Amino acid sequence: MKILRISPLCLRRSYASFKPAPKLSVSDLNESTLEAKYAVRGKIPIRADELRSKIKELNHGLPYDRIISANIGNPQQLDQKPLSWYRQTLSLVQYPTLIDKINKLDKNVRDALYPPDVVDRAKKLLKSTGSVGAYSHSQGDTLIRESVAEFIHQRDGYPSDPNNIFLTGGASAAVLYLIQVLSSGTKTGFLIPIPQYPLYTASISLNKAVPIGYYLDEANDWSTDPKLIRKLIKENKEKGVTPKCLVVINPGNPTGSILTEKDITEILEIAAEHGLVVIADEVYQENVFEGQFTSMKKVLAGLVEKDPQSYGNVQLASLHSTSKGVSGECGQRGGYIELVGFAKEVKEIIFKLASINLCPVVTGQILVELMVNHPKKGSPSYDLYNHEVSSIHKDLLERATLLYGSFQKMTDVECNKPRGAMYLFPKLNFTEDKYPKLFKKCEELNLTPDEFYCTELLEQTGICSVPGNGFGQVPGTYHLRTTFLPPGTEWIESWSNFHKDFISTFKQK
Ligand SMILES: Cc1ncc(COP(=O)(O)O)c(C=O)c1O
């Protein structure tokens, strides 16, 4: 066999007759992609990844052996087990040959591995979707959309039309569709709560629209202030910005608050009066510890029933997801939008956007089915399902209570009681007169006090949180967002100790 020898010199020499063009630089990119910010995976989480790699080294020299990812609501990264009902059914639709194989097993063994209702559901789903490896209808599988409509009907007591349901790759895809379709020029305003989940400011920025932040009232459990919203609408109209949409996150991220029926009614009244599309981000509807979740759709349907003339034109897009609640299936990307009150032609454009993306991930769609149409009392999977769901709720409540209790004991920290979602958003009461050394240090480092606090917390304890400025906060106030998902109590203790040291270093004696 002849061996071809290539000289290293030959590899280096260029024979081309043209001068190679330079690579792209950042200034060549779409400007709006440069402007978009997403703090949840920003500078501090990036540093956390570096530290995570360092920890793998033999003598890493760090005072801890693990990074606590309290920056993101990613339950299964933090110990939450997937529900058996989901994974059993999913495994059969992924590998349908298993259905024949398990039929050959002893009944007791088979029923323990795959209870009959799991097998039935998998068969039903396969009949509707066909292979999960095939594209589905762009709006999502019909059977699953029917289940979503039935779920909404049962939840709210008002009917829902499967034709108004769009299955999506998580709520993020839904937000991107909606903001893209509603942004008609640089003078389109989106009213968003502040603090907000930064997907909203990022998507608004990507579409060159204008965010109009309405501050939530921290002193009143982060409630909404309708007077403020009305004032902002007026001011922006005067500036030539047309408010077109109002976003509500309920239960709140990062605030953990829950809107009352009265709050929701007031928001819908504003929407009706000003022709605002309402985006109701309700991905945390199952994460409720105190009080009750009321859907925007339920309140709207009630208002339309009573006063169709005033409320009949309100357009509402409600979002849900399989990433949160007890599902925690963030990596599988399932969710839906329910559109209420939109004109047929507008829905057709949203459908066109969905079609450009071909279809949402089919396994994500299947998870939506399993979330909205889960085992009922008396069915073979019910006991295990109920046990797993109850223990997830119990665990989350315990962790939330523990962390909240710990913040309450910390000097110069104020925290509203968590009522829903997966986060706490405590206020760090740092003022220049009480913390002159801190403000001086921050000036030197060109960091805000919340950025500095979260950076030090990470460097010294391995706990990764997100500074409040990534979500928005009243100027001059400082917060941070943490999830209460990480298991164990050790990390909470090490946070308390860090805080004591921080205060004793920086607070004026
Ligand atoms: C308020 C809110 N909306 C939407 C999302 C996105 O969820 P998904 O994973 O369904 O895209 C999140 C994720 O944390 C969220 O907190």
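The values are calculated or read from the model by the stated rules, or taken from the named source; none is laboratory data. Quick caveat, the model's predicted, so the values are computed rather than measured. Glycine also receives a Cβ, built like all others from the backbone with ideal geometry; neighbour counts cover every protein chain displayed. Calculation scope for accessible area: heavy atoms of the full protein, side chains included, ligands and nucleic acids excluded. Shrake-Rupley method; radii C 1.70, N 1.55, O 1.52, S 1.80 Å.
Figures for the structure shown
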| item | result |
| --- | --- |
| Count of residues meeting criterion [open to solvent by less than 10 Å² (accessible area, probe 1.4 Å) and in a loop (DSSP other than H, G, I, E, B)] in region 454-481 | 3 |
| Within region 301-344, considering residues that are part of a helix (DSSP H, G or I) and under 26 Å from residue 138 (Cβ atoms), the one most open to solvent (accessible area, probe 1.4 Å) | 344 |
| Criterion violated by residue 236 - all others in (1) at pLDDT below 95; (2) assigned to a helix (DSSP H, G or I); (3) touching a Gly at 6+ places or on another chain (Cβ under 7 Å) satisfied | (1) |
| Pair list, Cβ under 6 Å, 6 or more apart: region 329-355 residue touching a residue at least 40 places away in the same chain (Cβ under 8 Å) and of a type in the set (Ser, Thr, Tyr), other residue in a helix (DSSP H, G or I) and within 16 Å of the ligand (Cβ to nearest atom) | 336/148; 336/368 |
| Cross-chain or 6+ apart pairs with Cβ under 8 Å, region 262-287 first and touching a residue at least 12 places away in the same chain (Cβ under 8 Å), then surrounded by 23 or more Cβ atoms within 10 Å (Cβ to Cβ) and of a type in the set (Phe, Trp, Tyr) | 281/197 |
| Count of residues meeting criterion [open to solvent by less than 30 Å² (accessible area, probe 1.4 Å) and not hydrophobic (A, V, I, L, M, F, W, C)] in region 137-149 | 6 |
| Identity of the residue in region 183-199, at pLDDT 95 or above and aliphatic (A, V, I, L, M), that ends up farthest from the ligand (Cβ to nearest atom) | 191 |
| Of residues in region 411-431 being surrounded by fewer than 18 Cβ atoms within 10 Å (Cβ to Cβ) and modelled with pLDDT of 95 or more, the one nearest to residue 493 (Cα to Cα) | 411 |
| Checking residue 484 against (1) at pLDDT 95 or above; (2) in contact with a Phe, Trp or Tyr (Cβ under 9 Å, 6 or more places away or on another chain); (3) buried (at least 17 other Cβ atoms within 10 Å of the Cβ), the condition it does not meet | (1) |
| Residue pairs meeting the criteria (Cβ under 7 Å; at least 6 apart or on separate chains; first free of Cβ contacts under 8 Å to residues at least 24 places away in the same chain, in region 371-386; second in a loop (DSSP other than H, G, I, E, B)) | 382/375; 382/376 |
| Residues being within 16 Å of the ligand (Cβ to nearest atom), small (Gly, Ala, Ser) and closer than 18 Å to residue 248 by Cβ - total across region 301-324 | 3 |
| The listed residue being out of contact with any Gly (no Cβ under 6 Å at 6 or more places or on another chain) and either in a helix (DSSP H, G or I) or more than 22 Å from residue 328 (Cβ to Cβ) (or both), out of 255, 294 | 294 |
| Filter result (crowded, with 20+ Cβ neighbours inside 10 Å and either farther than 18 Å from residue 262 by Cα or within 16 Å of the ligand (Cβ to nearest atom) (or both)) within region 279-300 | 279, 280, 281, 282, 283, 284, 285, 287, 295, 296 |
| Positions within region 60-92 being under 21 Å from residue 456 (Cα atoms) and open to solvent by 80 Å² or more (accessible area, probe 1.4 Å), in sequence order | 63, 65 |
| Criterion violated by residue 442 - all others in (1) outside any helix (DSSP H, G or I); (2) crowded, with 17+ Cβ neighbours inside 10 Å satisfied | (1) |
| Filter pass, residue 191 being closer than 30 Å to residue 209 by Cβ, in contact with a Ser or Thr (Cβ under 8 Å, 6 or more places away or on another chain) and either of a type in the set (A, V, I, L, M) or crowded, with 17+ Cβ neighbours inside 10 Å (or both) | no |
| Leading residue by the ranking (nearest to residue 217 (Cα to Cα)) among those in region 408-439 that are among the basic types (Lys, Arg) and out of contact with any Asp or Glu (no Cβ under 9 Å at 6 or more places or on another chain) | 409 |
| Residue 329, sole failed condition from (1) modelled with pLDDT of 95 or more; (2) near the ligand (Cβ under 10 Å from one of its atoms) | (1) |
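Conditions tested, residue by residue: (1) surrounded by fewer than 15 Cβ atoms within 10 Å (Cβ to Cβ); (2) not in a helix (DSSP H, G or I).
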position: 101; (1), (2): yes, no
position: 118; (1), (2): no, no
position: 125; (1), (2): no, no
position: 135; (1), (2): yes, yes
position: 151; (1), (2): no, no
position: 173; (1), (2): no, no
